[in-house]
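First the structure, in the form of C-alpha cells, and then the observations on it.
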Amino acid sequence: MTRVVRTRAELREALAGAPRPVGLVPTMGWLHEGHRSLMKRARREDATTVVTIFVNPRQFGEVADFTRYPRNEARDIAICESESVDFVWAPPVDEVYVPGFDTVVSVGRVAMPLEGAARPGHFDGVATVVAILFGLVGAEHAYFGQKDAQQVMVIRRMALDLALPTEVIACPTVREADGLALSSRNVHLSAEERAAAPVLHRALVAARSRSESGERSGEALRTEMRRVLAEERLANVDYVSCADALTLSELDHIVGPCLLSLAVRFGPTRLIDNELLE
Ligand code: PAF
C-alpha cells in the first residue's frame, strides 16, 4: 500500500522507522516506463522505496515551459501503487521552498556546456531541489535516468562535493520500439512530429557505428549526427556534441570514453538524447 505524504514533517515521520536501505526516485510526475524502470530497480535494491513528484519551478527557464509541463497526479500515484512504492512525497511548492528560502546550489564546470548553456539556470534549479530531496529523505541510493546524462553528472558532482551520503545511480534509457527515448515531453509532439522524432536515436546510432568502425575524429562524429538530423525536415537542431565523458569538453580527437549527445526541437518541443561510447 502506497502512502502519499505532503509536508516535510510527514515525510520525516513516515521515514523515521522505515526499513533500510531507502531508495529515492526523484521525478516531476507524468510517469512513464522510464520512471517505472527506476522504481523497479529501487524495489530490487532497497527495503523502502520513496518516489517524489514535484514539478520544480526553479529548473524551468520560461514560465510557459513550466505551465505547459504535463501533470496528472492521480495517474502518477496509481503507477507508484502498481510498482509497490512505499511512499510518494508530492509536496506543495512552499514545503520544498520553505518561506524565506534563500539558497542556491550551483555546480561549476560540468554544468556549463550543453544543457547548461542552452538553458541558463536550469542546473542550479536541479541541483538545489535534489540537494533538498537528499537532505529530507536521507536515502542510501537515488536513481536517475541516463537519458539526462549531464544531469546525472551534475548531481554526482554535487553529492561528492557536499559530502551527501546518498549514492547516485544512473539507469539505462528506456526507448520506444522505434528508438525514441521516453520523456514526459513526448506527449506534446503532434503525430507528424512523433513520426519524425526517432531521428535523434538514428543520428546517435549512426555516429556510434562510425566510431565502432574506427573513426576517432570528434568533428566527424558531430558531422555524421548533423547529416542524419538534416534528413528530417521537422527537426531543428539545437546542438550536437561529442564530448569527453568526464569533463564534457568537446573533443577533436577521441581517446577515452566519450558522450555523444544532442538536443533537437520539433515545433515548441525540445528533445534530448545521448549515447555513451566507453
Ligand atoms: O529529471 C527530472 O525529472 C528532474 O530534473 C528531477 C531530477 C526530478 C529534479 O527536479
ask   = When you go through (1) under 18 Å from residue 115 (Cβ atoms); (2) assigned to a loop (DSSP other than H, G, I, E, B); (3) of a type outside the set (A, V, I, L, M) one by one for residue 274, which number turns out not to apply?
value = (2)
query = Any idea which of (1) over 18 Å from residue 25 (Cβ atoms); (2) surrounded by fewer than 19 Cβ atoms within 10 Å (Cβ to Cβ) is the one residue 43 doesn't satisfy?
reply = (1)
task = Could you list, in sequence order, all residues of segment 1-43 that are more than 14 Å from the chain's Cα centre (by Cα) and among the hydroxyl-bearing types (Ser, Thr, Tyr)?
result = 2, 7
task = Scan (1) surrounded by fewer than 13 Cβ atoms within 10 Å (Cβ to Cβ); (2) at pLDDT 95 or above; (3) away from the ligand (no atom under 16 Å from the Cβ) for the single condition residue 63 breaks and write down its number.
result = (2)
remark   = Taking segment 197-209 and keeping only residues that are crowded, with 20+ Cβ neighbours inside 10 Å, in a helix (DSSP H, G or I) and in contact with a strand residue (DSSP E or B) (Cβ under 7 Å, 6 or more places away or on another chain), one is left with 200, 201, 203, 204, 207
message = Testing residue 268 on (1) more than 16 Å from the ligand (Cβ to nearest atom); (2) farther than 22 Å from residue 154 by Cα; (3) at pLDDT 95 or above, one condition comes back false. Which one is that?
response = (3)
key: Residues of segment 167-191 that turn out to be assigned to a helix (DSSP H, G or I) and either touching a strand residue (DSSP E or B) at 6+ places or on another chain (Cβ under 6 Å) or at pLDDT 95 or above (or both), as a count   = 5
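Residue 206 - would you say it is at pLDDT 95 or above and within 20 Å of residue 38 (Cα to Cα)? Before the answer, list the steps.
Details: at pLDDT 95 or above: yes; within 20 Å of residue 38 (Cα to Cα): no.
Taking the combined requirement at face value, the residue does not satisfy it.
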message = Just to be sure I understand the filter: pairs with C-beta atoms under 7 Å, separated by 6 or more residues or on different chains, first member in segment 145-161 and without any contact (Cβ under 8 Å) to a residue 24 or more places away in the chain and closer than 15 Å to residue 26 by Cα, second member part of a helix (DSSP H, G or I) and among the polar types (S, T, N, Q). Which pairs pass?
response = 152/146
task = Output the residues belonging to segment 151-181 that are under 14 Å from residue 272 (Cβ atoms), more than 11 Å from the ligand (Cβ to nearest atom) and surrounded by 19 or more Cβ atoms within 10 Å (Cβ to Cβ).
result = 153, 173, 180, 181
task = Any chance you could count how many residues in segment 118-153 are small (Gly, Ala, Ser), part of a loop (DSSP other than H, G, I, E, B) and within 22 Å of residue 172 (Cα to Cα)?
result = 1
remark   = Within segment 182-192, residues surrounded by fewer than 19 Cβ atoms within 10 Å (Cβ to Cβ) and over 18 Å from the mean Cα position of the chain (by Cα) come out as 190, 191, 192
Those residues of segment 111-134 which are away from the ligand (no atom under 14 Å from the Cβ) and either under 18 Å from residue 9 (Cα atoms) or surrounded by 20 or more Cβ atoms within 10 Å (Cβ to Cβ) (or both), in sequence order = 114
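Report yes if residue 74 is under 19 Å from residue 187 (Cα atoms), at pLDDT 95 or above and more than 16 Å from the ligand (Cβ to nearest atom), otherwise no.
Against the criterion (under 19 Å from residue 187 (Cα atoms), at pLDDT 95 or above and more than 16 Å from the ligand (Cβ to nearest atom)), residue 74 qualifies.
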query = Given the conditions (1) among the aliphatic types (A, V, I, L, M); (2) touching a Leu at 6+ places or on another chain (Cβ under 7 Å); (3) in a loop (DSSP other than H, G, I, E, B); (4) without any contact (Cβ under 8 Å) to a residue 60 or more places away in the chain, which single one is not true for residue 221?
reply = (3)
inquiry  = Restricting to segment 248-267, give me the number of residues that are touching a helix residue (DSSP H, G or I) at 6+ places or on another chain (Cβ under 7 Å), surrounded by fewer than 17 Cβ atoms within 10 Å (Cβ to Cβ) and assigned to a loop (DSSP other than H, G, I, E, B).
reply    = 2
request  = Look at residue 194 and say whether it is away from the ligand (no atom under 14 Å from the Cβ) and either of a type in the set (Lys, Arg) or assigned to a strand (DSSP E or B) (or both).
outcome  = yes
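The values are calculated or read from the model by the stated rules, or taken from the named source; none is laboratory data. Everything numeric here is computed off the predicted structure, so don't read it as measured data. Because the Cβ atoms are built from the backbone with ideal geometry, glycine has one as well, and the counts that use them run over all protein chains shown.
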